[in-house]
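**Q** Quick one: the structure is below, questions incoming.
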Amino acid sequence: MSSEVETEELDFDKCVGQFNLALGGVLNPLRMYGQDHYVDEVQQEIVSLAVQLHHKLSGLDIPYHINTDKLHW
């Protein structure tokens, strides 16, 4: 049973990692304008929101959380 749970966790981590890489490609043009630090922080928040969306779609009714301390306006 724990092997099945570990496999699911590895699959989840793999999917999140692939999403993170794809998102990095989409946000890459912003790095040309010296926005590296901002892109890194925003990318982490978008991945966090995507995981939160997954949890909501899986039936967990929790409010979205955005770590505004990390974002620079």
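The values are calculated or read from the model by the stated rules, or taken from the named source; none is laboratory data. What you see is a predicted model; the values in this text were computed from it and never measured. Using ideal geometry, Cβ is built from the backbone for each residue, glycine included, and neighbour counts are taken over all protein chains shown.
**Q** Please pick out the residue among H54, H37, H65 that is free of Cβ contacts under 8 Å to residues at least 60 places away in the same chain and assigned to a loop (DSSP other than H, G, I, E, B).
**A** Going through H54, H37, H65 in turn, just one is free of Cβ contacts under 8 Å to residues at least 60 places away in the same chain and assigned to a loop (DSSP other than H, G, I, E, B): H65.
**Q** Please name all residue pairs, on different chains or six or more residues apart, with Cβ atoms under 6 Å, provided the first residue is in region 1-28 and is more than 17 Å from H55 (Cα to Cα) and the second residue is polar (S, T, N, Q) and surrounded by 10 or more Cβ atoms within 10 Å (Cβ to Cβ).
**A** From region 1-28, the pairs are L23/Q43; L27/Q43.
**Q** Taking the condition modelled with pLDDT under 90 and in a helix (DSSP H, G or I), does S48 pass?
**A** No.
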